[in-house]
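Here, each number is a calculation from the coordinates, and none is a lab measurement. As the structure is a prediction and not an experimental result, all values here were calculated from the model. Cβ atoms come from the backbone with ideal geometry, glycine included; neighbour counts cover every protein chain shown.
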Amino acid sequence: MTKYWLPPLLHERGELLAATIDSRLGTELVAAIDYWLELPERTVREPTRPSTPRRWGEGYLCVDIGPDDESTWETFAPIVESDSDPESVARRAQVWRLPVTPYRSKRIAMEPNDLGDCHRRVDLRGVRVVDLTSMWAGPFCTELLARAGARVIKIEPSCRPDGLRYGDGDNGSGNAPMFIELNNSKEIADIDLRHCSEGGEFHQLVRSADLVVTSLSPRANANLGVTRDHLHAVNPDLALLSITAFASESDESDWVAYGTGVHAASGMGWIDGRPATPAFSYPDPLAGLEACATALAQLVGDAPKQCRVSLDRSVAALRESP
């Protein structure tokens, strides 16, 4: 039987981040932090568990693929079958844009995310946010902003819906409980960024927005024109917040990964000489809280107009004090 695991300081970190957000808003927004940290457990009776470590040659891999990636993985796996180094296989998988990461036995030393030094109360009435996020971390950030008073427009093309929309507990209607909880306070705009014209609906939203939040990979952001330079040409006053798996200065800066993959690569997933599967993707709610706190600082000018919050830095903040 698989032993599921969660970091011992998860709830303490969550409480600290909730208090930071509440202090910046001057009101209690993030009530019941345990609920938000354990959202998969709280919204459905039997949530789907993260993928278990896969033995590969000299170590283990986190193969965190969904239905859209299964055929690519089936083609890729035989090609690397003779490669016994999980690090090498993970790097090669990233060329195929597969969310595959190695389970590492050493924790990577890095600083936590910089949340800005916000000394002013933030009033989100009248603030407009364009939401280019999906799954858990990004939608959690933008849902909190919406509940605090911002107008949040979530870009979700019908041809590529949010991966949680048809997740656990959905009856086929696209109203999975976790998706609803994370997106209940937003407007949804069916816009495919691959086919946006200059001056079209997306540019009109950006022109009137104060903040764009994206959880697309760095390469996808560049391909779709969701970069500071591109967006600044439309709206010079716009702030941009990127939520990524790995930090910009890391060797994995442009890797595709979800929370479980970050857990594996960070070294947090190595317990008593073996890899441990987390009960759920705990880096996501931490990164969502950190992104919300950062966004608040950006909106009042106490953080740079362009910021990046990474899941691996969120995990780094869980290191116990010496």
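Results, tabulated for the structure shown:
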item	result
Where labels lie 7 Å past Cα in the beta-carbon direction, separation of Tyr35 and Arg160 in nm	3.3 nm
Estimated inter-spin distance, Glu28 and Glu198, nm [label 7 Å along Cα→Cβ]	5.2 nm
Helix 86-95 axis, angle to the chain major axis (alpha carbon atoms, nearest 10°)	40 degrees
Ranked packing of 243-256, 301-314, most packed first, by mean Cβ within 10 Å	301-314, 243-256
Top of Thr214, Thr133, Thr20 by mean-square fluctuation, Gaussian network on the chain, Cα under 10 Å	Thr20
Formal net charge of residues neighbouring Trp255 (Cβ-Cβ distance under 11 Å; K, R +1; D, E -1)	-1
Value of D in µm² per second that Stokes-Einstein yields for the chain, Kirkwood Rh from Cα pairs, at 20 °C (1.002 mPa s)	107 µm²/s
Under the Karplus curve 6.51 cos²θ - 1.76 cosθ + 1.60, θ = phi - 60°, whole-Hz ³J(HN,Hα) for the stretch 224-231, x wherever Gly or Pro sits	9, x, 9, 10, 4, 5, 5, 6
Degrees between helix 137-147 axis and first principal axis of the chain (Cα, 0 to 90, nearest 10)	30 degrees
Beta bridge orientation in the chain: antiparallel %, DSSP, nearest 5	25 percent
Value at 222 nm in deg cm²/dmol, rounded to 500, when DSSP H runs of n ≥ 4 in the chain each add -39,500 (n - 2.57)	-10000 deg cm²/dmol
Dipole in debye (nearest 20) - the stretch 262-322, about Cα centre, beta carbon charges: Lys, Arg +1; Asp, Glu -1	140 debye
Computed over the chain: relative contact order in percent, which uses C-alpha pairs under 8 Å that are six or more apart	27 percent
Nearest 10 degrees, 0 to 90: helix 70-79 Cα axis against the chain principal axis	40 degrees
Range of Cα positions in the stretch 1-109 per principal axis (Å), largest first	56, 35, 30
Alpha-carbon centroid distance for the pair the stretch 244-303 / the stretch 38-86, whole angstrom	18 Å
Extended-chain gain in nm, criterion 0.36 nm per residue less alpha-carbon gap, Ala220 and Ser208	2.0 nm
Gain upon complete extension [Arg97, Asp251; 0.36 nm per residue less C-alpha separation]	53.9 nm
Peptides ranked, highest mean first, by Cβ atoms within 10 Å: ranges 158-171, 264-277, 71-84	264-277, 158-171, 71-84
Karplus-derived 3J(HN,Hα), 6.51/-1.76/1.60, for each residue of the stretch 177-183, Hz, glycine and proline x	x, 5, 4, 4, 4, 8, 9
